[in-house]
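First comes the structure, then the notes that go with it.
The values are calculated or read from the model by the stated rules, or taken from the named source; none is laboratory data. Because the structure is a prediction, the values reported are computed rather than measured. Heads up, the Cβs are rebuilt from the backbone with ideal geometry, glycines too, and the neighbour counts pull from every protein chain shown.
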Amino acid sequence: MPETVENASQQMLRERLPYYVENPPATGLVERFLDAFAAILEHTDYKPLLDSYCRTTNKCNRCSVTCPVYQVTGEARDVPCYKTTLLLQVYQRYFSLGGWMRSQFNTHAFELTEEIILEMADVFYRCTACRRCTLECPMGMDHGLITRLGRYILSLAGISSKALQVSVREQLEGETHNTSKIPKVAMLNTLEFLQEELEDQFGLQVEVPVDKQDRDFVFFCAVSDYLMEPDTLLGNLAVLYAAGDWDRWTIGSCNYDGINYGLFYSDWHLERIIKQLVGEVERLNGKNLLIGECGHASRSAHDFVPVFGGKRPSPVVSFIEYTLDCLRKGKITLNPNIITQKVTYHDPCNIARGGWIVDQPREILKSFVKDYVEMTPGGKLNYCCGGGGGLVSIDEIHDYRMEVGGRKKAEQLIATGADICIAPCANCKKQLKELVEHYEIPCEIMGLHDLILKAIEIPGGKSAEERLEEAQLYAM
């Protein structure tokens, strides 16, 4: 087949954007952008929000002091309210009566150009959407939300990261219905491996429940955990067994991926993925969604199952919440003599920024970790890992994630002097492991339930001390 020859607009997109765009639009970029913006305004409730923001001062730049990207670059394009202004000026000019009228009588009125669209396509993907700036804005502007809206408009106009598009396409339309293209047989093989590990480590002979009807919990983790984070899953299983809840949960075989990349760039995809998630719970007649260690999977389910989950949406429970509840009720025991290293905790933005999951993991850690140290700042004010907003999935911007997006987090991690950093999020773990390698930081990155796995006591199973001795002998 002859090679496809790109026109000037497509070549410009390739050259100007740091991420790969699949099938970039060939012509009419301005018209595409405005049509997409108009469609979103017609079919969503963004308009009242944008009207409110347009009547608000948004150029005080107080957000700049909290943005981890701007703190590194010092560039005007990385000030959160600058990004917001780019989109608001388009809205004012083309979708407000006052803006349209002024444009009829002012020869110097703002006009949208391909250059401005390219700038938005660049700066909206420099933002990690960590929303730290929202805590500083005196007017209550959510610049992270505007970033996502900007990406949504761009995606409908034909500009979005191929990495995000491919993952979402496989989840919604592919054979596996998950972002990592893990087929059912591979998932079941992983569960068999985990069963063998439970027997080796604890002396337990159990079968992981799959497709069981009428269970209290239907479990969804970031599907990448089945490939890259088996210890996190093993820790989840250990807690469920130790708590005596083995017969209360199940995994679905039709949909076992809690990831929702729609949260990063497309409300339309976000809704469809949520409905797919809810559909699996309904198929199994489950009562609750139990979400594993993943920041954005937890937030997307927690915030949007109530919105898109039907008239009686199932409650969403974070596995961290479940584990803490078991700990408080005495259903699980964590041995305080196992973990001797200095441990710190990284707050995933998606579960901490709004104040949802902040104190719970700290209460768990302090119950069995003797040498615990906080990052500064932490909790709701934490710094993003540098890969938020889906950026961790875009390999083309690895250098940016290391040198810019994640530099403040690397400095923060170094300052703790911790031997272990707990990060209960699949994306955060990936980014932090790359940061540790890039900056040669002597710190191990792991999930919360990876650490719990080492210290948990299971009735009838090998004790935590026995397992520690075996691990030390194996390491010799």
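Just to be sure I understand, how many residues within the stretch 337-367 are under 16 Å from Met446 (Cα atoms) and either in contact with a strand residue (DSSP E or B) (Cβ under 7 Å, 6 or more places away or on another chain) or not β-branched (Val, Ile, Thr) (or both)?
Summing the residues that are under 16 Å from Met446 (Cα atoms) and either in contact with a strand residue (DSSP E or B) (Cβ under 7 Å, 6 or more places away or on another chain) or not β-branched (Val, Ile, Thr) (or both) in the stretch 337-367 gives 11.
Tally time: how many residues in the stretch 277-303 are under 27 Å from Asn382 (Cβ atoms) and outside any strand (DSSP E or B)?
Total meeting the criteria: 13.
Please find, within the stretch 43-59, the residue that is farthest from Tyr91 (Cα to Cα) out of those that are in a helix (DSSP H, G or I) and touching a Ser or Thr at 6+ places or on another chain (Cβ under 9 Å).
Out of the qualifying residues, it is Tyr53.
Taking Lys380, is it of a type in the set (D, E, K, R), surrounded by 15 or more Cβ atoms within 10 Å (Cβ to Cβ) and touching an Asp or Glu at 6+ places or on another chain (Cβ under 7 Å)?
So Lys380 fails the test.
Any idea which residue in the stretch 246-276 is surrounded by the fewest Cβ atoms within 10 Å (Cβ to Cβ), counting only those that are in contact (Cβ under 8 Å) with a residue 60 or more places away in the chain and closer than 17 Å to Leu194 by Cα?
Applying the filter and picking the extreme gives Ser253.
Check every one of the helices (runs of 4 or more DSSP H) wholly within the stretch 377-476 and list those with 3 or more residues that are at pLDDT below 95.
It comes to 464-475.
Looking at the stretch 373-393, can you tell me whether even one residue there is within 23 Å of Pro459 (Cα to Cα) and not assigned by TED's automatic domain parsing to the domain that holds His269?
No, there is no match, as no residue in the stretch 373-393 is within 23 Å of Pro459 (Cα to Cα) and not assigned by TED's automatic domain parsing to the domain that holds His269.
Among the numbered conditions (1) at pLDDT 95 or above; (2) outside any helix (DSSP H, G or I); (3) charged (D, E, K, R), tell me where Arg312 comes up short.
(1)
Filter the stretch 99-143 down to the residues that are without any contact (Cβ under 8 Å) to a residue 40 or more places away in the chain and small (Gly, Ala, Ser), then identify the one that is nearest to Cys54 (Cα to Cα).
Gly99
Quick check on my filter: what residues within the stretch 130-167 are buried (at least 24 other Cβ atoms within 10 Å of the Cβ), under 16 Å from the mean Cα position of the chain (by Cα) and either among the aliphatic types (A, V, I, L, M) or modelled with pLDDT under 95 (or both)?
Leu164 - this is the single residue of the stretch 130-167 that is buried (at least 24 other Cβ atoms within 10 Å of the Cβ), under 16 Å from the mean Cα position of the chain (by Cα) and either among the aliphatic types (A, V, I, L, M) or modelled with pLDDT under 95 (or both).
Pairs please, first residue from the stretch 347-369 and more than 20 Å from Asn427 (Cα to Cα), second anywhere and modelled with pLDDT of 95 or more and assigned to a loop (DSSP other than H, G, I, E, B), Cβ atoms under 6 Å, 6+ apart in sequence or on different chains.
Filtered contacts from the stretch 347-369: Phe368/Pro336; Val369/Ile339.
Applying the selection to the stretch 186-242, what residues are in contact with an Asp or Glu (Cβ under 6 Å, 6 or more places away or on another chain) and buried (at least 16 other Cβ atoms within 10 Å of the Cβ)?
Val223, Asp231, Thr232, Leu233, Leu234, Gly235
Considering the stretch 190-234 alone, what residues qualify as being under 22 Å from Leu284 (Cα atoms), assigned to a helix (DSSP H, G or I) and more than 26 Å from the chain's Cα centre (by Cα)?
Glu192, the sole residue that qualifies.
Of all residues in the stretch 376-407, how many are over 19 Å from Leu263 (Cα atoms) and among the β-branched types (Val, Ile, Thr)?
3
The conditions are (1) more than 23 Å from the chain's Cα centre (by Cα); (2) modelled with pLDDT of 95 or more; (3) not small (Gly, Ala, Ser), and Pro183 fails exactly one of them. Which is it?
(1)
Limited to the stretch 317-362, what total is found for residues that are aromatic (Phe, Trp, Tyr) and in the same structural domain as Gly461 (by TED's automatic domain parsing)?
Residues that pass the stated criteria total 2.
Could you say which residue among Leu432, Leu448, Leu453 is closer than 19 Å to Pro230 by Cα and either surrounded by fewer than 16 Cβ atoms within 10 Å (Cβ to Cβ) or out of contact with any strand residue (DSSP E or B) (no Cβ under 9 Å at 6 or more places or on another chain) (or both)?
Going through Leu432, Leu448, Leu453 in turn, the sole match is Leu453.
Which number in (1) in contact (Cβ under 8 Å) with a residue 60 or more places away in the chain; (2) surrounded by fewer than 23 Cβ atoms within 10 Å (Cβ to Cβ); (3) assigned to a helix (DSSP H, G or I) marks the one condition that Leu324 misses?
Every listed condition holds for Leu324 apart from (1).
Would you point out which residue out of Cys428, Cys443 is of a type in the set (A, V, I, L, M, F, W, C), within 22 Å of Leu135 (Cβ to Cβ) and in contact with a Cys (Cβ under 7 Å, 6 or more places away or on another chain)?
Cys428
Do we have Ser300 as touching a Leu at 6+ places or on another chain (Cβ under 6 Å) and surrounded by fewer than 23 Cβ atoms within 10 Å (Cβ to Cβ) here?
no
What's the total number of residues in the stretch 355-376 that are assigned to a loop (DSSP other than H, G, I, E, B) and not hydrophobic (A, V, I, L, M, F, W, C)?
Count: 6.
Has the stretch 331-350 got at least one residue that is part of a helix (DSSP H, G or I) and within 27 Å of Arg467 (Cα to Cα)?
Among the residues of the stretch 331-350, not one is part of a helix (DSSP H, G or I) and within 27 Å of Arg467 (Cα to Cα), which makes the answer no.
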